[in-house]
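Here is the structure we will look at.
The values are calculated or read from the model by the stated rules, or taken from the named source; none is laboratory data. These numbers were taken from a predicted model, which means no experiment stands behind them. For neighbour counting, all protein chains shown are included, and Cβ atoms are generated from backbone atoms with ideal geometry for every residue, glycine included.
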Amino acid sequence: MTLKTTLKINGKDRTLDADPRTSLLDALRNHLDLKGTKKGCDHGQCGACTVIVNGRRINACLTLACMHDGDEVTTIEGLGTPEQMSALQDAFVRHDGFQCGYCTAGQICSATAMLDEAKAGWPSHVSASLGDDVSLTDEEISERMSGNLCRCSAYPGIVNAIRDVARGGAR
């Protein structure tokens, strides 16, 4: 049995006819040929598969594609291209926010949504207050990005890249 699902991926409607047990991650990689989103642990523990669905970051390995019928999904391919990178992609390059690169797509998708969360005033566990003013200190950035692991330990470059973009230091 297959189930027809329509997703708006990176601004384009894409129809998927797959087993209803197909994860969003497997749908993106194996059915829609979007290889930027990586399969790391397949258990929601590493963040390599992070994508943005309706403006919120999620682990694509932990959700079924059919649950997102009609939803807007943004993958790393939808954030920028090598010729026209997003501010975060550019900052990751400038600040050496990656080494092997395996986690980078998930890191950048997560950071993109995280910056929007902070802008909206969402507090984190380490936020000084529950008010609207969220100051993205290194501790705050690290806490908010704690669901995205980097086995190469490029964390200083990742934090520097995010801080740079948060403070308006993009290109």
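One residue stands out among those in the stretch 78-90 that are in contact (Cβ under 8 Å) with a residue 12 or more places away in the chain and assigned to a loop (DSSP other than H, G, I, E, B): the one that is farthest from the chain's Cα centre (by Cα), which is Ser86. For beta carbons closer than 9 Å, sequence separation of 6+ or different chains, a first residue in the stretch 91-108 that is among the acidic types (Asp, Glu) and a second that is part of a loop (DSSP other than H, G, I, E, B), the qualifying pairs are Asp96/Ala154. Only residues that are among the charged types (D, E, K, R) and either in contact (Cβ under 8 Å) with a residue 40 or more places away in the chain or within 21 Å of Ala48 (Cβ to Cβ) (or both): list them for the stretch 109-132, please. Those that are among the charged types (D, E, K, R) and either in contact (Cβ under 8 Å) with a residue 40 or more places away in the chain or within 21 Å of Ala48 (Cβ to Cβ) (or both): Asp116, Glu117.
Let's see how each residue does on (1) modelled with pLDDT under 95; (2) small (Gly, Ala, Ser):
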site	(1), (2)
Met1	yes, no
Lys8	no, no
Arg14	no, no
Thr37	no, no
Asp42	no, no
Ala60	no, yes
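What's the total number of residues in the stretch 116-150 that are out of contact with any Cys (no Cβ under 7 Å at 6 or more places or on another chain), part of a loop (DSSP other than H, G, I, E, B) and at pLDDT 95 or above? Looking only at that region, the number is 3. I'd like to know if the stretch 12-29 contains one or more residues that are among the acidic types (Asp, Glu) and either assigned by TED's automatic domain parsing to the domain that holds Ala111 or within 29 Å of Val165 (Cβ to Cβ) (or both). Looking for residues that are among the acidic types (Asp, Glu) and either assigned by TED's automatic domain parsing to the domain that holds Ala111 or within 29 Å of Val165 (Cβ to Cβ) (or both), one finds none in the stretch 12-29, hence no.
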